[in-house]
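Visitor: Can you keep this structure in mind? I'll have questions shortly.
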Amino acid sequence: MKHQLVIVLDFGGQYNQLIARRVRDHGVYCEVKPYTTPLDELRAMDPIGIIFTGGPNSVYLESSPHVDPAIFTWGVPILGICYGCQLMAHTLGGRVTAAQEDSAREYGKTATYFETGCRLFRGLPETSVTWMSHGDYMEKVPEGFTLAARSDACPNVAIADEERGFYGVQFHPEVEHTQYGGDMLRNFLYEVCHAAGDWTMGDYKRSAVASLREKIGDGRVLLALSGGVDSSVAAALLAEAVGEQLTCVFVDHGLMRKNEGNEVEQAFSKWAMNFIRVDAEERFLAKLAGVDDPERKRKIIGEEFIRVFEEEAKKVGAVDYLAQGTIYPDVIESGVGNAAVIKSHHNVGGLPDYVDFKEIVEPLRLLFKDEVRRLGRELGLPEYLVSRQPFPGPGLAIRVIGEVTKDKLDILREADAIFREEMAKAGEDKKLSQFFAALTNMRSVGVMGDGRTYDYALALRAVNTADFMTADWARIPFELLDRVSVRIVNEVPHINRVLYDITSKPPATVEFE
Ligand code: XMP
């Protein structure tokens with residue numbers, strides 16, 4: 001089935017994929033194309049609307065990106081954002097100049113006043129906050145356009161030619177700081193482009209499967225599966241697409257939470273792919289014996305992981321593709337049309353040097369985290385896997401403070417499972433960004449029955465955060481903490497004290513090590 005399409009024409013702004021994602025959120029299929037795409041090619045795609053993105057340039061410079069002016073006569077609605085707005089004004093006979101006065105440059109949150117008769121702002125409040133980031137200024141708006149929004153510093157924050165379906169905004173409706181940005185994009189899609197809303201994650205899955213089949217052909221694919229959300233969804237998508245041509249290597253380093261390894265294996269049992277689970281617990285623990293420095297633990301685990309994976313890859317033999325679960329936020333993108341990727345995050349550092357393959361495939365490269373989770377559900381992965389919190393690569397080794405032993409890991413696994421179970425029962429788990437137990441290296445005196453104990457203190461940690469750069473400790477109910485504590489000291493031998501971490505980040509970090 002053919003879907004309606006909106007094209008995001010990329011002029012090199014930072015938020016281009018975010019615009020595409022917002023359009024998809026509104027149920028409209030969307031593709032990002034570089035501004036250099038020939039007009040004929042764009043027309044052949046038959047879009048219902050086009051969005052010009054922002055960009056770092058100034059339209060009045062010869063060297064800046066421009067468009068074929070014929071784009072404005074073909075009759076398709078256009079929304080220009082920031083640079084895109086200025087480009088539309090400039091091309092259609094307006095005048096854009098560098099703001100002379102600082103007051104006309106606008107950065108950050110700005111009170112903005114809207115003409116709510118304009119289709120773009122229909123149904124929205126007359127005053128709200130928008131996110132601005134522009135140094136240029138539209139001195140003269142082109143013929144046929146009216147002013148549709150202003151700020152205290154700027155009379156033409158938005159321009160509209162309702163007849164032709166052309167709209168330009170100086171602010172960024174796609175970022176969360178713009179209060180009603182999502183509604184404005186929806187208005188553009190539904191009020192101006194008359195979208196039908198005919199696109200869903202199910203459609204995305206089908207088209208992703210089809211394009212992976214086309215790309216991979218009868219080639220063989222290898223993927224290192226960690227059990228985290230990204231690699232799991234990438235594995236499921238590839239399994240759906242190429243089945244037995246896919247081999248997943250799941251290195252069980254013995255540092256996972258209770259039942260986690262079995263859960264991952266179980267989740268993939270429905271696909272006819274090659275699933276290799278390597279039981280490497282002994283190897284990892286032997287390497288970690290006597291090591292208490294957190295960074296050394298990380299290094300040892302990372303290196304051992306590569307070694308194990310390499311051995312398994314050799315057994316598999318030459319493959320055509322190495323698949324990775326890289327998602328959009330891992331890709332710090334720049335350059336027009338995705339040309340220049342400044343940093344590419346590899347889920348398993350260094351792998352490409354060790355494994356014989358021709359090319360990397362990254363099927364989630366354009367998706368944001370919550371889209372990846374939705375795709376995972378669509379593929380039939382269980383909820384506990386797709387809604388999983390971040391779990392560090394070195395696993396419980398950095399939650400057992402000091403030397404890691406099998407006994408300590410087992411104690412921690414039991415206690416952590418109780419914490420997770422009680423949090424889920426109380427419905428607190430969905431409210432938090434991350435929570436877990438850590439086994440401290442401290443032993444202290446307690447009393448149990450009539451006897452003295454000298455056992456470990458367990459720490460509980462729960463945080464809320466938007467980006468994990470800073471985090472607040474979570475105020476979870478005392479009654480819940482009490483239930484968790486009572487169960488842990490009663491059910492888990494060698495723990496006689498439970499502590500709750502009330503430090504935010506900074507100055508603490510989320511993990512203890
Ligand atoms: P910190 O402790 O740095 O944690 O405040 C921030 C986020 O990163 C995760 N984390 C790691 N993830 N390998 C990983 O893959 C690591 O070595 C590692 N250390 C911390 C942590 O769980 C939290 O989500």
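Visitor: Given only helices, namely DSSP H runs of n ≥ 4 each adding -39500 (n - 2.57), what is the per-residue ellipticity at 222 nm of the chain, to the nearest 500 deg cm²/dmol? Write out the running numbers ahead of the final one.
Guide: Values: 13 runs with 149 residues, N = 513.
Only helices count here, giving -9000 deg cm²/dmol.
Visitor: How much of the accessible area of region 201-386, in percent, comes from carbon and sulfur atoms when a 1.4 Å probe is used? The partial results should precede the final answer.
Guide: Values: 3890 of 8190 Å².
Here it works out to 47 percent.
Visitor: With every protein chain left in place, what is the accessible area per residue of the chain in square angstrom, probe 1.4 Å? Let's see the in-between values first.
Guide: Working: 22720 Å² over 513 residues.
For the chain, the per-residue accessible area is 44 Å².
Visitor: Shifting gears a bit: If you put +1 on each Lys and Arg Cβ and -1 on each Asp and Glu Cβ, how big is the dipole of region 5-192 around its Cα centre, in Debye rounded to 20? List each step's numbers first, then the result.
Guide: Values: 14 positive and 24 negative charges, 53 e Å.
Value, rounded to 20: 260 debye.
Visitor: Considering only region 399-500, what is the antiparallel percent among its DSSP beta bridges, to the nearest 5?
Guide: Numbers: 14 of 20 bridges.
Antiparallel bridges make up about 70 percent of those DSSP assigns within region 399-500.
Visitor: What shape does region 5-192 have by the C-alpha gyration tensor, where a ≥ b ≥ c are the square roots of the eigenvalues, rounded means a/c under 1.5, and otherwise prolate means a/b greater than b/c and oblate the rest?
Guide: Working: a/c = 1.45, a/b = 1.15, b/c = 1.26.
Rounded, since a/c falls under 1.5.
Visitor: Rounded to the nearest 5, what is the percent of antiparallel bridges among the DSSP beta bridges in region 5-192?
Guide: On the way: 23 of 40 bridges.
If I count the DSSP bridges inside region 5-192, around 60 percent turn out antiparallel.
Visitor: When the solvent-accessible surface of protein heavy atoms is calculated with a 1.4 angstrom probe, in what order do Ile300, Ile71 fall, highest first? Walk me through the intermediate numbers first.
Guide: On the way: Ile300 30, Ile71 5 Å².
Solvent-accessible surface, decreasing: Ile300, Ile71.
Visitor: Can I ask one more? Rounding to the nearest 10 and keeping the result within 0 to 90°, find how far the Cα-based axis of helix 229-242 lies from the longest principal axis of the chain.
Guide: 70
Visitor: Sticking with this one: Classify region 36-146 as rounded, prolate or oblate, taking a ≥ b ≥ c as the square roots of the eigenvalues of its Cα gyration tensor: rounded when a/c is under 1.5, otherwise prolate if a/b is larger than b/c and oblate if not. Don't skip to the answer; put the middle values down first.
Guide: Details: a/c = 1.94, a/b = 1.26, b/c = 1.55.
Note, shape of region 36-146 comes out oblate.
Visitor: Considering only DSSP beta bridges where both residues belong to the chain, give the percentage that are antiparallel (nearest 5). Let's see the in-between values first.
Guide: Details: 42 of 82 bridges.
Counting only bridges with both partners in the chain, antiparallel ones make up about 50 percent.
Visitor: Tell me, what % of the accessible area of region 5-192 is carbon and sulfur with a 1.4 angstrom probe? Before the final figure, lay out each step's value.
Guide: On the way: 3410 of 7550 Å².
Carbon plus sulfur share of accessible area: 45 percent.
Visitor: With a 1.4 Å probe and all protein chains left in place, how much of the accessible area of region 399-500 comes from carbon and sulfur atoms, in whole percent?
Guide: Details: 2710 of 5130 Å².
The nonpolar share, carbon plus sulfur, comes to 53 percent.
Visitor: Report the net charge of residues surrounding Arg420, where surrounding means a beta-carbon distance below 9 angstrom and charges are Lys +1, Arg +1, Asp -1, Glu -1.
Guide: Details: positive: Arg257, Lys258; negative: Asp416, Glu421, Glu422, Asp429.
It works out to a net charge of -2.
Visitor: Relative to the longest principal axis of the C-alpha atoms of the chain, give the angle of the C-alpha long axis of helix 16-25, reported between 0 and 90° and rounded to the nearest 10°.
Guide: Rounded to the nearest ten degrees, it is 80.
Visitor: Same structure, new question: In a shell of Cβ-Cβ distance under 15 Å around Thr37, excluding Thr37 itself, what net charge do Lys and Arg (+1) and Asp and Glu (-1) give? Don't skip to the end; give the middle numbers.
Guide: Details: positive: Lys33, Arg43; negative: Asp10, Glu31, Asp40, Glu41, Asp46, Asp68.
Cβ neighbours under 15 Å give a net charge of -4.
Visitor: Considering Cα pairs under 8 angstrom that are at least six residues apart, work out the relative contact order of region 5-192 and quote it in whole percent. Please report the intermediate quantities before stating the final value.
Guide: On the way: 425 pairs, mean separation 39.8, N = 188.
Here the relative contact order equals 21 percent.
Visitor: Keeping all protein chains in position, work out how much accessible area Tyr190 exposes to a 1.4 Å probe, and write it in Å² to the nearest 10.
Guide: Solvent-accessible area, nearest 10 Å²: 70 Å².
Visitor: Mind ordering 109-118, 413-422 by average Cβ neighbours within 10 Å, highest first?
Guide: Numbers: 109-118: 17.2, 413-422: 20.4.
So the peptides 109-118, 413-422, ranked by packing, come out 413-422, 109-118.
Visitor: Another question about this same structure. Test of the criteria: in region 119-211, which GluC sites (Glu not before Pro) are in a DSSP loop and have at most 15 other Cβ atoms within 10 angstrom of their Cβ?
Guide: Numbers: sites: Glu126, Glu139, Glu143, Glu162, Glu163, Glu174, Glu176, Glu191; in loops: Glu126, Glu143, Glu162, Glu163, Glu174, Glu176.
Listed in order of number, the matching sites are Glu126, Glu143, Glu163, Glu176.
Visitor: With a 1.4 Å probe and all protein chains kept in place, how much accessible area does Tyr15 have, in Å² rounded to the nearest 10?
Guide: 60
Visitor: Roughly what angle does helix 294-316 make with the longest principal axis of the chain, taking Cα atoms, 0 to 90 degrees, to the nearest 10?
Guide: The helix 294-316 is inclined about 80 degrees to the chain.
Visitor: Okay, moving on. Ordering Ser387, Ser63, Ser232 from largest to smallest accessible area (1.4 angstrom probe), what's the sequence?
Guide: Numbers: Ser387 45, Ser63 105, Ser232 0 Å².
If we order Ser387, Ser63, Ser232 from most to least accessible, we get Ser63, Ser387, Ser232.
Visitor: Here is a follow-up. Over the chain, what relative contact order in percent results from Cα pairs under 8 Å that are six or more residues apart? Walk me through the numbers before you get to the answer.
Guide: On the way: 1015 pairs, mean separation 55.8, N = 513.
For the chain, the relative contact order is 11 percent.
Visitor: In terms of solvent-accessible area of protein heavy atoms at a 1.4 angstrom probe, what is the ranking of Met273, Met423, Met442, highest value first?
Guide: On the way: Met273 20, Met423 0, Met442 90 Å².
Result, largest first: Met442, Met273, Met423.
Visitor: So, how do all the Cα-to-Cα distances of the chain break down into 20 Å bins, in percent, from 0 on up?
Guide: 20, 43, 30, 6, 0
Visitor: Next up: How much accessible area does Tyr321 have with a 1.4 Å probe, in Å² rounded to the nearest 10?
Guide: Answer for Tyr321: close to 30 Å² accessible.
Visitor: So, one more: Using the Cβ atoms and a cut-off under 12 Å, what net charge is assigned to the surroundings of Lys314, where Lys and Arg are +1 and Asp and Glu are -1?
Guide: Values: positive: Arg307, Lys315; negative: Glu310, Glu311, Glu312, Asp356.
Residues near Lys314 contribute -2 overall.
Visitor: Please tell me the relative contact order of region 399-500 in percent, rounded to the nearest whole number, where contacts are Cα pairs under 8 Å and at least six residues apart. Could the numbers behind the result be given before it?
Guide: Values: 157 pairs, mean separation 29.1, N = 102.
Rounded, it is 29 percent for region 399-500.
The values are calculated or read from the model by the stated rules, or taken from the named source; none is laboratory data. Fair warning: this is a prediction, and the values are worked out from it, not measured in the lab. Methodologically, a virtual Cβ is constructed for each residue, glycine included, from the backbone with ideal geometry; neighbour enumeration extends over all protein chains shown. Just so you know, the surface numbers come from the protein's heavy atoms only, side chains and all, with ligands and any DNA or RNA stripped out. Shrake-Rupley method; radii C 1.70, N 1.55, O 1.52, S 1.80 Å.
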